1. I want to confirm something. Restricting to the range 210-243 and keeping residues that are within 10 Å of the ligand (Cβ to nearest atom) and of a type in the set (Phe, Trp, Tyr), which single residue is surrounded by the most Cβ atoms within 10 Å (Cβ to Cβ)?
2. Is there a residue being over 23 Å from ASP369 (Cα atoms) and either in contact (Cβ under 8 Å) with a residue 24 or more places away in the chain or within 16 Å of the ligand (Cβ to nearest atom) (or both) anywhere in the range 269-282?
3. In the range 384-394, is there at least one residue being surrounded by 22 or more Cβ atoms within 10 Å (Cβ to Cβ) and within 16 Å of the ligand (Cβ to nearest atom)?
4. Filter the range 272-323 down to residues that are surrounded by fewer than 24 Cβ atoms within 10 Å (Cβ to Cβ) and of a type in the set (S, T, N, Q) and give me whichever is nearest to CYS366 (Cα to Cα).
5. Tell me which residues, restricted to the range 599-631, are over 21 Å from the mean Cα position of the chain (by Cα), buried (at least 24 other Cβ atoms within 10 Å of the Cβ) and outside any loop (DSSP other than H, G, I, E, B).
6. Could you please find all residues in the range 257-271 being buried (at least 17 other Cβ atoms within 10 Å of the Cβ), part of a loop (DSSP other than H, G, I, E, B) and not charged (D, E, K, R)?
7. Please list, ordered by residue number, the helices (runs of 4 or more DSSP H) wholly in the range 309-377 having 3 or more residues that are touching a Ser or Thr at 6+ places or on another chain (Cβ under 6 Å).
8. So which of TYR551, TYR597 ends up being in contact with a helix residue (DSSP H, G or I) (Cβ under 9 Å, 6 or more places away or on another chain) and either within 16 Å of the ligand (Cβ to nearest atom) or polar (S, T, N, Q) (or both)?
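The values are calculated or read from the model by the stated rules, or taken from the named source; none is laboratory data. These numbers come from a predicted model, not from an experiment. Methodologically, a virtual Cβ is constructed for each residue, glycine included, from the backbone with ideal geometry; neighbour enumeration extends over all protein chains shown. Please note that ligands, DNA and RNA were not included when accessible areas were found on the heavy atoms of the full protein model with its side chains. Shrake-Rupley method; radii C 1.70, N 1.55, O 1.52, S 1.80 Å.
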Amino acid sequence: MKSINFMTMKPCCRVLISRKISPFLGIPLPKSHQFFAPNSSAFQFNHSLHTAPKTRIVNLQSILKENQQPFFAPSSTRGQSRIFSSSCLCGKLSHRGLYVIARVASVRNYSTSVETRVNDKNFERIYVQGGLNVKPLVVEKIDLDENIVSNEEPNVKVGEDSLDDKSSDGLSSVEAVKNVGREQSEVDKEAWRLLENAVVSYCGSPVGTLAANDPNDKLPLNYDQVFIRDFVPSALAFLLKGDSEIVRNFLLHTLQLQSWEKTVDCYSPGQGLMPASFKVRTVPLDENKFEEVLDPDFGESAIGRVAPVDSGLWWIILLRAYGKITGDYALQERVDVQTGIKLILNLCLSDGFDMFPSLLVTDGSCMIDRRMGIHGHPLEIQALFYSALRCSREMLRVDDGSKNLIRAINNRLSALSFHIREYYWVDMKKINEIYRYKTEEYSTEATNKFNIYPEQIPHWLMDWIPEKGGYLIGNLQPAHMDFRFFTLGNLWSIVSSLGTPKQNEAILNLIEAKWDDLVGLMPLKICYPALESEEWRIITGSDPKNTPWSYHNGGSWPTLLWQFTLACMKMGRMDLAKKAVDLAETRLPADRWPEYYDTRYGKFVGKQARLYQTWTIAGYLTSKMLLENPEMASLLFWEEDYDLLEICVCALSKSGRKKCSRGAAKSQILV
Ligand code: GLC
């Protein structure tokens, strides 16, 4: 078994000295290291921190090791304490003994043995070595097991993508976008000022943006953290403006958090998991010294303990966007970054009990991070998953170690798009078909494969569905179709080409036809319609924050504007995007950039909406800049991949036992 330890540890700033400089553990701090900010080029591997609130840091005992890597070792390994560690157990600095590394035992032991919680689907086995805080990632090649991943070479060439080549030259220059917004309106100026104010620094370098930055908010909960999903529009705004440092830092720091040891009530979630959010905390080291640490939340503190499934997918999507817009492809080629991508994919592609190619998740695992009846296979996750797979296929370095993974990606892309296009799609014709469904069909030939009872078609839908247009339903499970319209999933299906070209067009037609319901006075409804009365009581568990037409339950979220803009631009419907941006531009500054709006048409600022919500601000700015720079927008969406349609991973069709249904479906899709 060959192990390659490939992570290079480079120094980074992590000690913040206040007032006077004093020696630390008797070792004087040389001037040059008293405080420094990592410049981004030297910033190869800034090992981030995982710390607990002060009260949870217990039983520290200082030990200075022979190799002069000073650290604290725990005197007890009991309890729920989390690792509290430094980012700089890194070569140069640590061997000079300049920094003290504090550690608290986690419930798991400090074994240096191989992590086994990995997916062994014939991909590389990736694990974290070292047990303690510095975790060089190790890739280990696993022998091929030809039975697991099909031998069949798909017809898709690795990394091939119809649109990507378009952008591999010319447009990558940051200079090209520097002119964006030269003639800024007053609203844009205010938005930029607010966005800049929301920037969070870590050791002197920008690493993200606060979720909300309202100085009058006395109870920010976790809105004072950097959320992975919330940062995406901020990142795009910065990238489009030509400021890439914050995005690069964000990508690298969150990568570090990914490999961190984490426990939720004695259980360790999957290794590739990205946190929902993180916070920069300042921790006193002794009288005059402070340390800045990154404290991630993997759901263990989040309300409802929801799993941030979308975080890793967004991270991959942002990584690709960073490369496309800046032309800095070296970042995605780095070994640690490649490993980060693989860890996320290993989590997503691992086998489970599931029967479908869609990802099975718990309720609240995405933007809607509360109980809203979206457990199972929610569209939003599927669309992000599909995009992340397409991004990864472009970014993964092709070698012996990755070829099985890439084959699995292609197979999954093909199966997933078929599944969603075929079974999630509804329009008038399809609803009429469902209306006439027979049930209890036991056979592989069943028309009503999921045993949907026609009585499930909600009354609102019969009247609501327009003659022209259609959409992808919110979720599909055995005997269950969730007919609600979820905006982000539908928009992102357009952007990633998860839908067919015709479906994508039809989704925008539906939004146009149902403008009052889906856009109304503020773009855009997070979902439509709201759950009311008994449904609200049973499905949300009587959630007072998600009352009908509020927050996640039919509220209007201005951040969705940038995704709408991108989708409209892809489909050549700039008119729709401009109409929506105009609405937002007049209302948002007057209302102090709220997080969401309430009521059926988005008339009121949301009951509990944060003000100066960063992704509202960034979503608006990104939309404006995309509209002004269509060539930049084209770097962020995907066209149909016709090669994918050729891959049939359906073994049944090959065995001849059953005619593969996708041949017929494909011809239907392409007309
Ligand atoms: C709410 C939203 C979530 C967002 C977070 C921070 O929890 O539901 O999507 O990431 O606030 O803005």
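1. Restricting to residues being within 10 Å of the ligand (Cβ to nearest atom) and of a type in the set (Phe, Trp, Tyr), the top hit is PHE231.
2. We begin by selecting, within the range 269-282, every residue over 23 Å from ASP369 (Cα atoms); these are 281-282.
From what is left, the residues that are either in contact (Cβ under 8 Å) with a residue 24 or more places away in the chain or within 16 Å of the ligand (Cβ to nearest atom) (or both) are 281-282.
Taking every residue of the range 269-282 in turn, at least one turns out to be over 23 Å from ASP369 (Cα atoms) and either in contact (Cβ under 8 Å) with a residue 24 or more places away in the chain or within 16 Å of the ligand (Cβ to nearest atom) (or both).
3. In the first step, residues of the range 384-394 are kept if they are surrounded by 22 or more Cβ atoms within 10 Å (Cβ to Cβ); the result is 384-393.
Filter again for within 16 Å of the ligand (Cβ to nearest atom), leaving 384.
Checking the range 384-394: at least one residue is surrounded by 22 or more Cβ atoms within 10 Å (Cβ to Cβ) and within 16 Å of the ligand (Cβ to nearest atom).
4. SER301
5. LYS624
6. Kept after step one, since they are buried (at least 17 other Cβ atoms within 10 Å of the Cβ), are these residues of the range 257-271: 257-263, 270-271.
Checking the rest, the ones that are also part of a loop (DSSP other than H, G, I, E, B) come to 259-263, 270-271.
Hits for the range 257-271 are SER259, TRP260, THR263, GLY270, GLN271.
7. Helices (runs of 4 or more DSSP H) meeting the threshold: 309-326.
8. Selected residue: TYR597, the only one of TYR551, TYR597 that is in contact with a helix residue (DSSP H, G or I) (Cβ under 9 Å, 6 or more places away or on another chain) and either within 16 Å of the ligand (Cβ to nearest atom) or polar (S, T, N, Q) (or both).
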